[in-house]
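Here is the structure we will look at, set down as structure tokens.
The values are calculated or read from the model by the stated rules, or taken from the named source; none is laboratory data. Every value quoted in this text rests on a predicted model; they were computed, and no experiment measured them. Cβ coordinates were reconstructed from backbone atoms using ideal geometry, including for glycine residues, and neighbour counts include every protein chain displayed.
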Amino acid sequence: MGARNGARNWATEIESAVLDILAEVLEESVEAVREQPVLAAHEWDSITSLLTLSQLESRFDISLDLRSYHAARTVGDLVDLIARAPATSTTTG
């Protein structure tokens, strides 16, 4: 049961961060994005998409597959994509 709660907490943390980033980039409230999770229902265009991608990758220290990222249509799709993404290695040499 502990592992399940841990996974649920991680998903909740991801969703919260995704909502915060989207709200900032889209210049909308978190509540507005949560109430309408379909990205196309907002001012979602190539610029907001790239700004969001950059912030998500930086926030979670990941590198998202661009095709999978562009296939995401909802906040939930982004959360799932981030949850499955491998961490970026920051070590060198």
In region 1-52, anything modelled with pLDDT of 95 or more and among the basic types (Lys, Arg) is listed as Arg34
Ala83, sole failed condition from (1) under 11 Å from the mean Cα position of the chain (by Cα); (2) at pLDDT 95 or above
(2)
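Could you grab me the full set of residues in region 48-67 that are surrounded by 14 or more Cβ atoms within 10 Å (Cβ to Cβ), assigned to a helix (DSSP H, G or I) and of a type outside the set (Phe, Trp, Tyr)?
Restricting attention to region 48-67, the residues satisfying the condition of being surrounded by 14 or more Cβ atoms within 10 Å (Cβ to Cβ) are 48-49, 51-53, 55-57, 59-60, 62, 64.
Retained after the next criterion (residues that are assigned to a helix (DSSP H, G or I)): 48-49, 51-53, 55-57, 59-60.
Hits for region 48-67 are Thr48, Ser49, Leu51, Thr52, Leu53, Gln55, Leu56, Glu57, Arg59.
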Region 68-79, residues that are surrounded by fewer than 15 Cβ atoms within 10 Å (Cβ to Cβ) and not small (Gly, Ala, Ser):
His70, Arg73, Thr74
